[in-house]
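Worksheet: the structure to be examined is printed underneath.
The values are calculated or read from the model by the stated rules, or taken from the named source; none is laboratory data. Worth saying up front: this structure is predicted, and the values here are computed from it rather than measured. Note: ideal-geometry Cβ built from the backbone for every residue, glycine included; neighbour counts use all protein chains shown. To get the accessible areas, we keep the full protein, side chains included, count just its heavy atoms, and leave off ligands, DNA and RNA. Shrake-Rupley method; radii C 1.70, N 1.55, O 1.52, S 1.80 Å.
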4 protein chains.
Amino acid sequence: MIRVSIVGASGYSGGELLRLLLSHPEVEIAQATSRSHLGEYLYQVHPNLRKRTSLKFSDPASLEPCDVLFLALPHGKAQLEINRYADLAPNIIDLSADFRLRSPKLYQQWYGNSHAAPEWLDRFVYGLPELHRDQIRQAHYISGVGCNATAANLALLPLVKAHLIDPEKPVVIEIKVGSSEGGAEGNPGTHHPERSSVIRTFSPFGHRHTAEVIQESGINQVIMTMTSVDLVRGALATVHASPAMGVTTKNLWRAYRETVNENPFLRLVKEQRGIYRVPEPKILTGSNYADLGFDFDEEHHHIISICAIDNLMKGAAGSAVQCMNLMLGFAETLGLEFPGLHPI
Amino acid sequence: MIRVSIVGASGYSGGELLRLLLSHPEVEIAQATSRSHLGEYLYQVHPNLRKRTSLKFSDPASLEPCDVLFLALPHGKAQLEINRYADLAPNIIDLSADFRLRSPKLYQQWYGNSHAAPEWLDRFVYGLPELHRDQIRQAHYISGVGCNATAANLALLPLVKAHLIDPEKPVVIEIKVGSSEGGAEGNPGTHHPERSSVIRTFSPFGHRHTAEVIQESGINQVIMTMTSVDLVRGALATVHASPAMGVTTKNLWRAYRETVNENPFLRLVKEQRGIYRVPEPKILTGSNYADLGFDFDEEHHHIISICAIDNLMKGAAGSAVQCMNLMLGFAETLGLEFPGLHPI
Amino acid sequence: MIRVSIVGASGYSGGELLRLLLSHPEVEIAQATSRSHLGEYLYQVHPNLRKRTSLKFSDPASLEPCDVLFLALPHGKAQLEINRYADLAPNIIDLSADFRLRSPKLYQQWYGNSHAAPEWLDRFVYGLPELHRDQIRQAHYISGVGCNATAANLALLPLVKAHLIDPEKPVVIEIKVGSSEGGAEGNPGTHHPERSSVIRTFSPFGHRHTAEVIQESGINQVIMTMTSVDLVRGALATVHASPAMGVTTKNLWRAYRETVNENPFLRLVKEQRGIYRVPEPKILTGSNYADLGFDFDEEHHHIISICAIDNLMKGAAGSAVQCMNLMLGFAETLGLEFPGLHPI
Amino acid sequence: MIRVSIVGASGYSGGELLRLLLSHPEVEIAQATSRSHLGEYLYQVHPNLRKRTSLKFSDPASLEPCDVLFLALPHGKAQLEINRYADLAPNIIDLSADFRLRSPKLYQQWYGNSHAAPEWLDRFVYGLPELHRDQIRQAHYISGVGCNATAANLALLPLVKAHLIDPEKPVVIEIKVGSSEGGAEGNPGTHHPERSSVIRTFSPFGHRHTAEVIQESGINQVIMTMTSVDLVRGALATVHASPAMGVTTKNLWRAYRETVNENPFLRLVKEQRGIYRVPEPKILTGSNYADLGFDFDEEHHHIISICAIDNLMKGAAGSAVQCMNLMLGFAETLGLEFPGLHPI
């Protein structure tokens, strides 16, 4: 049994980490910290954990050494204390945006301030196993992933890997997301009467996750448009791209099939009948799957690639646990077996 | 044209007052005050009013004399300045709970503090036209109504008026409500991920609106249980009551038919076919109708009476404008003609 | 008072026509037909009309002469009997897709069969007043509009009119829609447990409304991707386009301002603060407004134009009544004054 | 490994059985039948099972012998072929209503027709482990439970067991339910535009599940009122009851604590702070927990007892698997460990 602690465990990603790790057969949770809920039972904040654990939130200042440390703090916090955390644990998985970008310059450009620990950027591996499985197996410091970036990067994966799109041409990525993406802290726009039934384009351009897509896909011109819709969990990325010369529908089928065959949490959804013919986040709630689909308009030279995820799972806690499994040599899918629900 | 001002116009009831009064053929809006949104255009807070008015929120301190003053402040505020308001306008309609109860003692019992202007309680008429139409026609000071109390009182109206239930026996009233009932200010429980898809019993007993039901129905033992469900507008009251001796289904039909015939905004919904066979708040969104229905289990001596309303309309701004119409001698339905939408 | 009849009045567009026309000061409804609900009261199907009309659905076979005939039949029906309808009424407004396209060839290409009355295509005017106001004033035969096409065409209107985009370059239009778009007849995919909380891309390419966008905008390469989300009414079109040479943000501001100033039902929504900073269909429920917004990424030469509508109003019945007003010389906004609700 | 087959596996309860049993460490699924989806992959109907099983729906006529047979057919079907099923498997768990009632007379009274296999009624045990754990351990034929009856019976359990209410007095049970309760087959009222945002009282009296409450609780006068609200999974029962003589709040605390301590899937939710203070079905989605709460108005001699469940889990497939575990001597919670999600 390895001992794992979670810093910032009262947020939504922290809650999902708790759920996953409490059921993980190789893990024992040592501490779960929260400044704002200090001393409360975990289940008072995450009510699904009632009767599952009698742990209380502990003080981040009293963090003790452990085998793996998950950081689930608001963006900008982990970089301030990364040396302290590294003294406490040999393995760190940080779910925030702090160590996702390899270049301090790119960080400054997208986050508007200089990085507090730029020397650490190179030591972290970007924590999306479908892109960096082998590196993650060797790593001790793993960054989490942006949920929207994950949906976009996985939609792009088969296309980029098989060179089916021209990386010099712009891609337009439309992302629709649920309300949990904004985190556990509300604001006037998340008040239920104002947030219910929305189709609200909150970021037409310039969403920070764009930087992760540029970094990981190698595509320079990425237009990423973010729209909130009415569900709690889920993100759907729709990539509009131009095919490379000579690409056929057959090439696409092969690329997508290979990609989903190589990755236990990727599935291809492209049915001719039934209700669920295309990737949909609805049925992924709570699951670590990412569902992929595509369409090709040969006449207009236009490819659409779709990826659906649960933003808190594949887009956050799920990928983080998958990385932990790889890093520690466990089976990649361990503790991540929940398949999702139907109906939901 | 009469000149009307609204104090506290940035809340949800204030917004509905603005919508109704901007379209009212006999009314001109003089001022709409808001401390928190001072200087902003009305449409920046109530986006449905864009291109309908170029008014801005004004300072409550600079309120000027007018013909009718609507008060849409948080509970407890109107009673502190009622004398000032009365100096400014000959007619006042207060939507808060401050002047709904006739007895200072009852007020203290349910609101936990003594009333700041008890001498004013007698001067106000309880503003539910279906209960006090004639008094309202003569009144200058009208209280608004509690939305849940309104659903309950209207469900009870045909039964009480025709003496079909025994007022000495307890009634159980289950009320299901949408999220707008809590007002425009959010709290952790109204954050969309936490409020979405709830069936949340937030008040099993002792909701303050119970006082209005006791006062207006004359029934002493009222158990009122409040449960939040997932919609924005709407309240459904289900009254469980014991019939008086000898009551038949025919008596009930007659009582409900008479009640809805006497009141332009009441409708009886009791169909044998179609989707909409019973009262439902869903189709009342934006409308001033209250829909009534009933069922009688003769074997078990049990009556169920149902009333559906839009809590912001019949349960707040709609009834207030209806009262204004009566008070000023306009047609009772003037400016309240919107029938609601299907589907919605 | 003009006498108006509606054929196919039990569907959703028919229901909205009924709501609008029952409140229209210049109109008397003569007949409302429905084969499937023959003999039922209108309010048994459209429950918002209870206590507003005692009309019953009549037999389409017994249709009598009238001044204006609205056809709200399923696509493909109106063209089969257009000569009979024209004998009954001097003015016809057809909400279906039958007479939207001017070219029989384009019709065949997108609808898969030859048109049954191709000689009528030229006699109809495309019923979007913002594009064809003057023609509509002179017309006797007006087609309705596709709801998605309307959102797309209005998002494109300022750009096309002011020549701010190059019509030879492709545009990508992402449209998110509510469930009422599919009409009143359900299917397995609209069953609530399957349709709730979806982000479901039901048409990546080739939606039939694309033909209306190509015809009306003059842009040849239109990629239109349709995604269902969880709300009942509403459509949001997001247009991704490339600017013409030399276009500046100032040009865009001017074009959008001019467009909204010239059209009573268009509004520009582009705020720096508040919750409602961009166009959103949520607040348009029941209203005939179309809200426009835009953003321009000068560095990447990318324009985003957004249009939000209620698909049953501006996208169907609202535009149809607006056309009737123009055709008969009434004020353009008559009977269409409902501003929408906040919150909703 | 035991071999299990499911008859009628394309419905919602069948889908949940499949999800649970595919992950159950002691079970191998032999056959899953469906007449309407014969030959399709399970995952084409239950999309959460993609990449989890390559089974296809088989013909109910070709059912083979197995260790445990689950019947998830529409009500009325199992009783017609119960002898055939009993020849195929030594252990049967029937999720329909066919064998829930012990008395043929009670069955006829509530279901309107005589039972086709009345001799079998006595051989079945009512499959709610919290009421009949010891009997279930000895049984070979177990009936499923009505979802609403389960919520009601578990809300009553602490009160009945500790004799805290008078069984001769009537109880009023208000139940609010989600849309999955109606099953996988839609009807006009479940079409998303009509079902969304409802508070729809579809059964004021006489719901068939009432019979199970009367049978299991021993209370004769049960008024059960059913209201649909807007969520997919979940049922909340609110019991209004009169306390027996001398009952105190302390008695209630003790009774509820004992009940939840004796039952692994029952939890008491009665918090003074936080968002989740009372039982709510929202957080139980996919989990087998039933959350209990209560309140006591001593002044008015009124007890409220609340139970929240996932109607497809504790109210159907979850309890069925729990019964299988008991019947076969497995750990009671095996395969039922999923704790639910937060947020959701």
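Being more than 7 Å from every other protein chain (Cβ to nearest Cβ) and under 23 Å from the mean Cα position of the chain (by Cα) is the filter here; which residues of the range D:275-286 pass it?
If the condition is that a residue be more than 7 Å from every other protein chain (Cβ to nearest Cβ) and under 23 Å from the mean Cα position of the chain (by Cα), then D:Pro279, D:Leu284 are the ones that fit.
For B:Leu334, are the conditions met, namely being on the phi < 0 side of the Ramachandran plot, within 14 Å of chain D (Cβ to nearest Cβ) and not in a strand (DSSP E or B)?
It is false that B:Leu334 is on the phi < 0 side of the Ramachandran plot, within 14 Å of chain D (Cβ to nearest Cβ) and not in a strand (DSSP E or B).
The single condition among (1) over 18 Å from A:Asp94 (Cα atoms); (2) more than 14 Å from chain C (Cβ to nearest Cβ) that A:Phe296 does not satisfy is (2). Checking the range D:309-327 against the condition returns no match, with no residue being open to solvent by 10 Å² or more (accessible area, probe 1.4 Å), at the interface with another protein chain (Cβ under 7 Å from one of its Cβ atoms) and out of contact with any Phe, Trp or Tyr (no Cβ under 8 Å at 6 or more places or on another chain). Once the range B:34-76 is narrowed to residues that are of a type in the set (S, T, N, Q) and out of contact with any Gly (no Cβ under 8 Å at 6 or more places or on another chain), the residue that is nearest to C:Gly274 (Cα to Cα) is B:Ser36. Scanning the range D:256-274 for residues that are more than 10 Å from every other protein chain (Cβ to nearest Cβ) and surrounded by 21 or more Cβ atoms within 10 Å (Cβ to Cβ) yields a count of 1. The set of residues in the range A:15-24 being out of contact with any His (no Cβ under 7 Å at 6 or more places or on another chain) and at the interface with chain D (Cβ under 9 Å from one of its Cβ atoms) consists of A:Glu16, A:Arg19, A:Leu22, A:Ser23. Only one of the numbered conditions (1) over 30 Å from B:Gly318 (Cα atoms); (2) touching a Pro at 6+ places or on another chain (Cβ under 8 Å); (3) in the same structural domain as C:Arg195 (by TED's automatic domain parsing); (4) not aromatic (Phe, Trp, Tyr) is not met by C:Cys323, and that is (3). Scan the range B:251-263 and give yes if some residue there is touching a strand residue (DSSP E or B) at 6+ places or on another chain (Cβ under 8 Å) and free of Cβ contacts under 8 Å to residues at least 12 places away in the same chain, otherwise no. Checked the range B:251-263: at least one residue is touching a strand residue (DSSP E or B) at 6+ places or on another chain (Cβ under 8 Å) and free of Cβ contacts under 8 Å to residues at least 12 places away in the same chain.
Return a yes/no flag: does the range B:176-195 have any residue that is farther than 27 Å from D:Arg200 by Cβ and away from chain A (no Cβ under 14 Å). No, the range B:176-195 contains no residue that is farther than 27 Å from D:Arg200 by Cβ and away from chain A (no Cβ under 14 Å).
When the residues of the range A:197-229 are filtered to those that are among the hydroxyl-bearing types (Ser, Thr, Tyr), touching a residue at least 24 places away in the same chain (Cβ under 8 Å) and open to solvent by 10 Å² or more (accessible area, probe 1.4 Å), the one that is farthest from the other protein chains (Cβ to nearest Cβ) is A:Ser217.
Within the range D:132-155, the set of residues being part of a helix (DSSP H, G or I), open to solvent by 10 Å² or more (accessible area, probe 1.4 Å) and in contact (Cβ under 8 Å) with a residue 60 or more places away in the chain comprises D:Arg133, D:Arg137, D:Cys147. D:Gly39 meets the conditions (1) surrounded by 16 or more Cβ atoms within 10 Å (Cβ to Cβ); (2) within 30 Å of A:Tyr289 (Cβ to Cβ); (3) without any contact (Cβ under 8 Å) to a residue 24 or more places away in the chain in every case but one. The failed one is (1).
Of the residues examined, A:Gly127 is not one that is modelled with pLDDT under 95 and either surrounded by 20 or more Cβ atoms within 10 Å (Cβ to Cβ) or assigned by TED's automatic domain parsing to the domain that holds A:Arg254 (or both).
Residues that are away from chain C (no Cβ under 12 Å) and under 23 Å from B:Gly234 (Cβ atoms) do not occur anywhere in the range B:51-66.
Can you find even one residue in the range B:8-25 that is more than 20 Å from B:Leu312 (Cα to Cα), of a type in the set (Gly, Ala, Ser) and at pLDDT 95 or above? The answer is no, given that none of the residues of the range B:8-25 is more than 20 Å from B:Leu312 (Cα to Cα), of a type in the set (Gly, Ala, Ser) and at pLDDT 95 or above.
Considering each of D:Leu95, D:Leu154 in turn, give the residue that is more than 23 Å from D:Gln221 (Cα to Cα) and hydrophobic (A, V, I, L, M, F, W, C).
From the options D:Leu95, D:Leu154, the qualifying one is D:Leu95.
Which of the residues that make up the range C:25-46 are within 13 Å of another protein chain (Cβ to nearest Cβ) and more than 21 Å from C:Ser180 (Cα to Cα)? Residues satisfying the conditions are C:Pro25, C:Gly39, C:Glu40, C:Tyr41. Do we have B:Lys270 as within 19 Å of the chain's Cα centre (by Cα) and farther than 17 Å from B:Thr150 by Cβ here? So B:Lys270 fails the test. When D:Val4 is tested against (1) in contact (Cβ under 8 Å) with a residue 40 or more places away in the chain; (2) open to solvent by 10 Å² or more (accessible area, probe 1.4 Å); (3) under 22 Å from the mean Cα position of the chain (by Cα), only condition (2) is not met.
For first residues located in the range C:158-174 and at negative phi and surrounded by fewer than 24 Cβ atoms within 10 Å (Cβ to Cβ), partners that are outside any helix (DSSP H, G or I) and not hydrophobic (A, V, I, L, M, F, W, C) and lie 6+ apart or on another chain with Cβ distances below 6 Å form the pairs C:Pro167/C:Gly218; C:Lys169/C:Ser242; C:Pro170/C:Gln221; C:Val172/A:His240; C:Val172/C:His240.
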